[in-house]
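Here's the structure we're looking at; comments come further down.
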Amino acid sequence: SIAQQLRQSKPVLPARYEQVTLMFCGIKDFTNFCAKYANDSQQIVNMLNDVFTIIDEKVNQYPEIYKVETVGDKYM
(Lines give C-alpha, C1' and ligand atoms only; values in the text may rest on other atoms or scores of the structure.)
Protein backbone atom coordinates (compact mmCIF):
# COMPACT_ATOMS: atom_id res chain seq x y z
CA SER A 1 0.00 0.00 0.00
CA ILE A 2 2.89 2.39 0.67
CA ALA A 3 4.33 1.81 -2.79
CA GLN A 4 0.93 2.61 -4.29
CA GLN A 5 0.61 5.82 -2.23
CA LEU A 6 4.09 6.94 -3.28
CA ARG A 7 3.34 6.24 -6.94
CA GLN A 8 0.23 8.42 -6.63
CA SER A 9 2.17 11.20 -4.84
CA LYS A 10 -0.04 10.80 -1.78
CA PRO A 11 1.27 11.46 1.73
CA VAL A 12 2.38 8.35 3.58
CA LEU A 13 1.77 8.19 7.30
CA PRO A 14 4.39 6.53 9.51
CA ALA A 15 3.77 2.84 10.12
CA ARG A 16 5.52 -0.01 11.88
CA TYR A 17 6.39 -3.20 10.05
CA GLU A 18 7.83 -6.28 11.64
CA GLN A 19 9.65 -7.24 8.48
CA VAL A 20 10.79 -5.42 5.33
CA THR A 21 13.26 -6.03 2.55
CA LEU A 22 15.40 -3.30 1.08
CA MET A 23 17.63 -3.90 -1.91
CA PHE A 24 20.64 -1.84 -2.89
CA CYS A 25 22.63 -2.84 -5.92
CA GLY A 26 25.44 -1.41 -7.96
CA ILE A 27 27.22 -2.32 -11.15
CA LYS A 28 30.47 -4.19 -10.67
CA ASP A 29 33.51 -2.29 -11.99
CA PHE A 30 31.37 0.73 -12.88
CA THR A 31 34.28 3.10 -12.22
CA ASN A 32 36.48 1.16 -14.64
CA PHE A 33 33.69 1.10 -17.23
CA CYS A 34 33.37 4.89 -16.94
CA ALA A 35 37.11 5.33 -17.30
CA LYS A 36 37.11 3.14 -20.41
CA TYR A 37 34.31 5.18 -22.01
CA ALA A 38 35.29 8.59 -20.63
CA ASN A 39 35.27 10.05 -24.14
CA ASP A 40 31.90 8.48 -24.99
CA SER A 41 29.51 9.43 -22.19
CA GLN A 42 26.55 8.30 -24.28
CA GLN A 43 27.86 4.72 -24.00
CA ILE A 44 27.72 5.03 -20.20
CA VAL A 45 24.21 6.47 -20.27
CA ASN A 46 23.04 3.75 -22.66
CA MET A 47 24.44 0.98 -20.47
CA LEU A 48 22.80 2.41 -17.33
CA ASN A 49 19.52 2.82 -19.16
CA ASP A 50 19.63 -0.78 -20.43
CA VAL A 51 20.42 -2.23 -16.99
CA PHE A 52 17.90 -0.13 -15.06
CA THR A 53 15.18 -0.70 -17.64
CA ILE A 54 15.53 -4.46 -17.17
CA ILE A 55 15.36 -4.12 -13.38
CA ASP A 56 12.41 -1.70 -13.61
CA GLU A 57 10.49 -4.15 -15.80
CA LYS A 58 10.97 -6.87 -13.18
CA VAL A 59 10.10 -4.58 -10.26
CA ASN A 60 6.97 -3.28 -12.00
CA GLN A 61 5.54 -6.81 -12.06
CA TYR A 62 4.98 -6.52 -8.30
CA PRO A 63 2.72 -3.66 -7.14
CA GLU A 64 3.94 -4.02 -3.54
CA ILE A 65 7.48 -3.07 -4.58
CA TYR A 66 8.51 0.55 -4.94
CA LYS A 67 11.71 1.76 -6.58
CA VAL A 68 13.02 4.58 -4.44
CA GLU A 69 15.65 5.93 -6.81
CA THR A 70 18.75 5.40 -8.87
CA VAL A 71 21.91 7.41 -8.31
CA GLY A 72 24.80 6.79 -10.66
CA ASP A 73 25.07 3.03 -10.83
CA LYS A 74 23.18 2.45 -7.56
CA TYR A 75 19.62 1.16 -7.54
CA MET A 76 17.46 1.21 -4.41
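The values are calculated or read from the model by the stated rules, or taken from the named source; none is laboratory data. Everything numeric in this text was worked out from a predicted model, so none of it was measured. No Cβ is skipped: glycine too gets one built from the backbone with ideal geometry, and neighbour counts run over all protein chains shown. When the accessible area is computed, the model is the full protein with side chains, heavy atoms only, and any ligands, DNA or RNA have been set aside. Shrake-Rupley method; radii C 1.70, N 1.55, O 1.52, S 1.80 Å.
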Residue-ordered couplings for region 23-39, obtained by feeding phi - 60° into the Karplus form 6.51 cos²θ - 1.76 cosθ + 1.60 and rounding to whole Hz (Gly and Pro as x), are 10, 10, 9, x, 8, 4, 6, 4, 4, 5, 4, 5, 5, 5, 10, 4, 8
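How high is the relative contact order of the chain, given as a whole-number percent (alpha carbon pairs under 8 Å, six or more residues apart)? Each step should come with its number before you reach the end.
Numbers: 47 pairs, mean separation 34.2, N = 76.
Value for the chain: 45 percent.
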Partner lysines whose C-alpha sits under 20 Å from that of LYS36, ignoring same-chain residues fewer than 8 away, are LYS28, LYS74
Taking every other residue with Cβ under 12 Å from the Cβ of SER1 and scoring Lys and Arg +1, Asp and Glu -1, one gets +1
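May I ask you to rank MET23, MET47, MET76 by accessible area, largest first, using a 1.4 Å probe over the protein chains only? Provide the component values of the computation, followed by the final result.
Numbers: MET23 95, MET47 40, MET76 60 Å².
Sorted by accessible area, descending: MET23, MET76, MET47.
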One checks the Cα atoms of the chain and finds Rg and Dmax, in Å, of 15.7, 48
Per the helix-only model, the chain has a calculated mean residue ellipticity at 222 nm (DSSP H runs of ≥4, -39500 (n - 2.57) each, divided over all residues, rounded to the nearest 500) of -12500 deg cm²/dmol
The lysines whose Cα lies under 16 Å from the Cα of LYS58, excluding any fewer than 8 residues away in the same chain, are LYS67
Share of accessible surface on carbon and sulfur in the chain, whole %, 1.4 Å probe and ligands ignored, is 54
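So what's the net charge close to VAL45: Lys and Arg +1, Asp and Glu -1, counting the other residues with Cβ under 15 Å from its Cβ? Don't skip to the answer; put the middle values down first.
On the way: positive: LYS36; negative: ASP40, ASP50, ASP73.
Once all neighbours under 15 Å are counted, the net charge is -2.
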Computed over the chain, protein heavy atoms only, probe 1.4 angstrom, the accessible area per residue in square angstrom equals 84
